[in-house]
Structure formats: C-alpha cells, structure tokens
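The values are calculated or read from the model by the stated rules, or taken from the named source; none is laboratory data. All of these numbers come straight from a predicted model, not from anything done at the bench. Here the Cβ positions follow ideal geometry from the backbone for every residue, glycine too, while neighbour counts run over all protein chains shown.
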Amino acid sequence: MEFTCRIENSNIDVECQVKEYRSEYLPEFYRRALDICRAQVDLVAFKMGWGLTVVLESFIDSNGIASQIVPKDDSLAQLCTAFSLDQGLDELCIKVIQSVPLFMALRDLIAAISLPNVAPVDCARAMDRLKHLVASPGMTDKQAWLQLRQALQIDEAYLKYITDYSANPRHGKPGHIPGTVTTEITRRAWIIMNRFFEYLKRGNVVLDPSEFPLLTSL
C-alpha cells in the first residue's frame, strides 16, 4: 500500500494506492491511514501544546463511491445484554456518571474499537479499573483480581488472556499482536464489562453461576 496524506486548514485527505482493491481491505486502509495522520497531527499538537484529535469521516472506493466511516464491530453489540437503548440505559447512565473509575473503564473500551492499535492496553486497563471497583478496601492486588473473578464468574485464564497480552505494549516494548488476538481481547473485555453491569444492577451482589456460567477459555 502506498499512502499520500494531505492536511490543509484542518481538512485531511489520504490517498491509498494498491495493485488490487477489495472491500475487505478497508479495515487495514483505515488503520494505516489513521496512524499516518495521527503521527503528523500529534507532532503539531506536541509542539503547540494543543489537544488535537484526528477523525476520518468518509471513504471513497476505486469506483468513486463514497461511504461514511464509523469505527464499529457489530458482533460486540450482541454481547451487551445488561441493558438496551429502551430499557435500563437511564439507570446505568446514572451509575456511570457517579463513578469516575467506571466512566473511565467504559471510555477505555470505546477507545479500543476506535483506535485498534491501542486495544490490548485499553482493554487491560478497563479490567484493572473494574478490579478496583469490586475489591474490598485493603486487599492486595492478587486478592482483588480473585474477588473480581468470583463476583463475575470468570476463570483466571480467561481474564489473563486480556491482561497478559497488554504487558509488552503497556511497558513500551515493540512487537506485533495479531488482529485475531486483538479482536478476541476486545470481545472478552466486552463480555466482562457486560457482566459488571449485571453485577451493578443486582446491587453489587455476586452473580449466580446458574444464570451466569463460568467464563472459560475453552
């Protein structure tokens, strides 16, 4: 892929040339184009001390047909069963607003699907925030993780899949995490967040394993 990026008066135009265009390439076009634009804008933001954000709004294919770009994963929508847009949203919205750690955990997950390259770190950080929300005061980190797993019915290996993959990028070590792994990390984090919402709805009561079977990696 060969990219040409033009930024003028806050308008961004990225041209991508490939030998063969296929619609399934779009996620990779988006990821690379966003990285290239963000690198340039972030340097300017650093120099100026400004909080700038890059948003790519539309994609024009090789036939000149334009479509809106919306970072999304429809499969994740099916994993949210704790509430719907018509029922339970207001109740949970109040709880999110009242809890800064929960607000930040939720924001981490949305950032994970908005900026794919940061998904492992953001998902792991969201789990860390949930751990502190569930844990009793004075617990060690190990005890806190155990209490989170017990409260939400999560096997240790299921949760460690999320946290272990984030270790290298979290500590600034170079390396590549395959897209299939990133997708699975995000999927698991989504399921755990959904269970935390169920936990909140029940007044912070441990989830019943008959209703919420143990989450395992098998």
Next item on the list: Might you let me know whether region 196-203 holds any residue that is in the same structural domain as Gln78 (by TED's automatic domain parsing), under 19 Å from the mean Cα position of the chain (by Cα), in a helix (DSSP H, G or I) and in contact (Cβ under 8 Å) with a residue 60 or more places away in the chain?
Entry: yes
Notebook entry, point to check: Can you tell me which residues in region 205-218 are in a loop (DSSP other than H, G, I, E, B) and either modelled with pLDDT of 95 or more or touching a strand residue (DSSP E or B) at 6+ places or on another chain (Cβ under 9 Å) (or both)?
Noted result: Val205, Val206, Leu207, Asp208, Pro209, Ser210, Glu211, Phe212, Pro213, Leu214, Thr216
Check: All but one of (1) surrounded by fewer than 16 Cβ atoms within 10 Å (Cβ to Cβ); (2) outside any helix (DSSP H, G or I) hold for Ala82; which doesn't?
Finding: (1)
Item checked: Residue among Thr180, Thr163, Thr186 that is part of a helix (DSSP H, G or I), out of contact with any strand residue (DSSP E or B) (no Cβ under 9 Å at 6 or more places or on another chain) and over 28 Å from Leu92 (Cα atoms) -> Thr180
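Specify the residue that is nearest to Ser114 (Cα to Cα); the eligible residues are those in region 1-57 that are of a type in the set (Ser, Thr, Tyr) and in contact (Cβ under 8 Å) with a residue 24 or more places away in the chain.
Tyr30
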Checklist line | Flag if Ile69 is without any contact (Cβ under 8 Å) to a residue 40 or more places away in the chain and within 18 Å of the chain's Cα centre (by Cα) | finding: yes
